1. Taking segment A:262-290, which residues are basic (Lys, Arg) and modelled with pLDDT of 80 or more?
2. Residue check: is B:LYS3 at pLDDT 90 or above and of a type in the set (Lys, Arg)?
3. I'd like the full set of residues that are farther than 23 Å from B:ALA230 by Cα, out of contact with any Gly (no Cβ under 7 Å at 6 or more places or on another chain), hydrophobic (A, V, I, L, M, F, W, C) and in a helix (DSSP H, G or I), limited to segment B:172-208.
4. Since A:LEU30 meets every condition but one in (1) away from every other protein chain (no Cβ under 11 Å); (2) touching a Ser or Thr at 6+ places or on another chain (Cβ under 7 Å); (3) part of a loop (DSSP other than H, G, I, E, B), which condition does it not meet?
5. Restricting attention to segment B:136-147, and to residues there that are in contact with a strand residue (DSSP E or B) (Cβ under 8 Å, 6 or more places away or on another chain) and either loosely packed, with under 15 Cβ neighbours inside 10 Å or not polar (S, T, N, Q) (or both), which single residue is farthest from the other protein chains (Cβ to nearest Cβ)?
6. Taking segment A:154-197, which residues are of a type outside the set (A, V, I, L, M) and buried (at least 16 other Cβ atoms within 10 Å of the Cβ)?
Amino acid sequence: MSAFFFFVQLLNAVQFGLVLYLVASGLTLLLGIMGVINLAHGAFYMVGAYLAFAVVQHLASFWLALPLAIVLGLVLGALLEHFLLARLEGADHLSQVLLSFGLILLINEAQRIIFGNDAHGIEVPAPLNFSIPLSETFAYPAYRLFVCGVGIAFVIALGLVMGRTRIGMMLRASAENRTMARALGVDAKLMYLGVTAAGISCAVLAGVIAAPIASVYPGMGDQVLILSFVVIVLGGIGSLNGALVGALLLGAVDAFGKQFFPDFAAFLVYVAMIAVLIVRPQGLFRGTGA
Amino acid sequence: MSKDHIDAGLLVALAVLALLVPYIWSGYEIKLATTITIQAGLAVALGFVVGPAGLISIGHAAFFGLAAYLFAMLAPASEPANLLNTLLLAVCGTAVCAAVVGAISIRSRGLYFILMTLAFGQLGYHFFHDTGIGGSADGTYIYFRPEVRLPGLDISLDGAAPFYQFVSLVVFAAVALVWWLRRSAFGSLLVAARDNEMRIRAFGYSPYALRLVAFVISAAIAGAMGYLSAAQHGFVAPEMLAWHNSATALVMVLIGGKDTTSGPAIGAILLLLAEELLQRATEHWLVGIGLIIVVIVIAAPQGIVPYLARFFPTRRAQHA
């Protein structure tokens, strides 16, 4: 195994891990701050991928899909919170599981009605459709580096918002103790609306960014949903740092697993999660428990 | 009438309905009734862990599918399998697996437990999908329906009606077991451990052990249902273990109501009948199912049976 091979797999691991983090961070914020378990998060990721497909088809520019994804995600998230999640406040996880499962069926079927059952590929958009040569035999696609860049920017931005701003402080306080934060004047309704909108927006954006790498197909959200859950459970529910570590770990298991045990890569992810939970039943980092 | 009376009444009504099915319908309807009865058994088994034990499992389809695969591996290639032997082995194998899965998962509580069961379920799915055991993604055929062989008596289950009658017999035995368990001291302890874990500990019981036993019993029943399903279709595939089926079973439990025995069964019947009718009406029937789920979660979060029970005032309520 050459150093280049190892390096390329490492880049793949980081890139996949960062896309997962983009999805999982929204999921873990919803869990940590609102105590809401959203199975439909993967479906919103799929919405993003199909948005990218539609934009490329009709507007002939991939880059337009990025701002559209953010806006669409914010709108969908706000609608979800205002009309559905807000009514379930105080209900148990079972109701949330079922509500979001119902949403998955609705979103998946809406996708089939609009786009049909075919899988689609999206061309890597110019000007990033070239590869950077690493050696005579290895080259790395520039678009994947761009995905890494977006992911790293997102990690830093989210870290700054959570750690350095007043909003971040209120979010952390709510994750720590919802009732007390409310008593101290945090507007819970507005915060829930913001968190859901932002969380869904991240998932849709992740779908757009991942679309040129993965193909666009019905039900593509499921895989990502379950991996994102593995990520947040590995990291500790509600912990953003934990989710980042979990996502990168899973990226590594996936990238190297595919190379060394191609038949068992999907398998290894769950084995890794179960192994971690046997040793640390509350995840690697201390989360809020939810 | 109390909730218990309504529950028992509904169970009797369902039993009578199940007895009448082969005399009213034939052919396709009986096959549909067989599928619904099996799913109702799965939902009742899941309801037992979700309700009294308070364990929300999104991995029960894995036990359903596992037993089906065990049966496919046990069944001889050129003659019908002996039903009682293979059923017992498949259910025991599933129970052993469930004991391991439960022992690990039940240490985690709340969300962690939900996600643990989801992960174990997916592990099972990928095990049969990726490793080549049991025919990989293509699944395996079972060419002969098993037959009941007792000393001096062979009962063939070929034909829709005899098989349906056998299925209802097994499912009703399972439902009766769950009904009895829910009303037993064990059931009360489970509920108590769910509602106040500390107090049950103080009484000297282990909530962990109680939940584990409930989990294994429930998984074993789910396994028996998976066996019946494999025997019905003569085919097993990894999709039987997929988390969509676990979630669908959970939907049945919630639609009917997790706090009664009959609730999940009624949830299964209503959901599958709705599916059948919608499928006849439109290709995009899943939209209808999705809407039904969302409306029920918002309108009747405790499920239909408790929702109906509100219309039958209890004696205490009349005095007040």
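1. Of everything in segment A:262-290, just one residue is basic (Lys, Arg) and modelled with pLDDT of 80 or more, namely A:ARG280.
2. Working: at pLDDT 90 or above: no; of a type in the set (Lys, Arg): yes.
No, not satisfied.
3. So the first thing to find is which residues in segment B:172-208 are farther than 23 Å from B:ALA230 by Cα, and the list is B:179-208.
Restricting the remaining residues to those that are out of contact with any Gly (no Cβ under 7 Å at 6 or more places or on another chain) gives B:179-180, B:182-193, B:195-208.
This time we only want the ones that are hydrophobic (A, V, I, L, M, F, W, C), so: B:179-180, B:185-186, B:189-193, B:198, B:200, B:202-203.
Across segment B:172-208, the qualifying residues are B:TRP179, B:TRP180, B:ALA185, B:PHE186, B:LEU189, B:LEU190, B:VAL191, B:ALA192, B:ALA193, B:MET198, B:ILE200, B:ALA202.
4. (3)
5. Of all residues in segment B:136-147, those in contact with a strand residue (DSSP E or B) (Cβ under 8 Å, 6 or more places away or on another chain) come to B:139-142, B:146-147.
Within this subset, residues satisfying the condition of being either loosely packed, with under 15 Cβ neighbours inside 10 Å or not polar (S, T, N, Q) (or both) are B:139, B:141-142, B:146-147.
Working: B:GLY139: 17, B:TYR141: 23, B:ILE142: 25, B:PRO146: 31, B:GLU147: 36 Å.
Of everything passing the filter in segment B:136-147, B:GLU147 is farthest from the other protein chains (Cβ to nearest Cβ).
6. Let us first name the residues in segment A:154-197 that are of a type outside the set (A, V, I, L, M), namely A:154, A:159, A:163-166, A:168, A:172, A:174, A:176-179, A:182, A:185, A:187, A:189, A:192, A:194, A:196.
Residues satisfying the conditions are A:PHE154, A:ARG172, A:SER174, A:ARG178, A:TYR192, A:GLY194, A:THR196.
Conditions (1) small (Gly, Ala, Ser); (2) buried (at least 21 other Cβ atoms within 10 Å of the Cβ); (3) in contact with a strand residue (DSSP E or B) (Cβ under 8 Å, 6 or more places away or on another chain), marked per residue:
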position: B:ALA8; (1), (2), (3): yes, no, no
position: B:LYS31; (1), (2), (3): no, no, no
position: B:ALA43; (1), (2), (3): yes, yes, no
position: B:ALA53; (1), (2), (3): yes, yes, no
position: B:PHE63; (1), (2), (3): no, yes, no
position: B:LEU74; (1), (2), (3): no, no, no
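Quick grid of which residues meet (1) of a type outside the set (S, T, N, Q); (2) closer than 30 Å to B:ILE292 by Cα; (3) within 13 Å of chain B (Cβ to nearest Cβ):
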{"position": "A:PRO67", "(1), (2), (3)": "yes, no, no"}
{"position": "A:GLY90", "(1), (2), (3)": "yes, yes, yes"}
{"position": "A:LEU94", "(1), (2), (3)": "yes, yes, yes"}
{"position": "A:SER100", "(1), (2), (3)": "no, yes, yes"}
{"position": "A:LEU105", "(1), (2), (3)": "yes, yes, yes"}
{"position": "A:ILE114", "(1), (2), (3)": "yes, yes, yes"}
{"position": "A:ASP118", "(1), (2), (3)": "yes, yes, no"}
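The values are calculated or read from the model by the stated rules, or taken from the named source; none is laboratory data. Source: prediction; values computed, not measured. Counting neighbours? That spans all protein chains shown, and the Cβs are built from the backbone with ideal geometry, glycine included.
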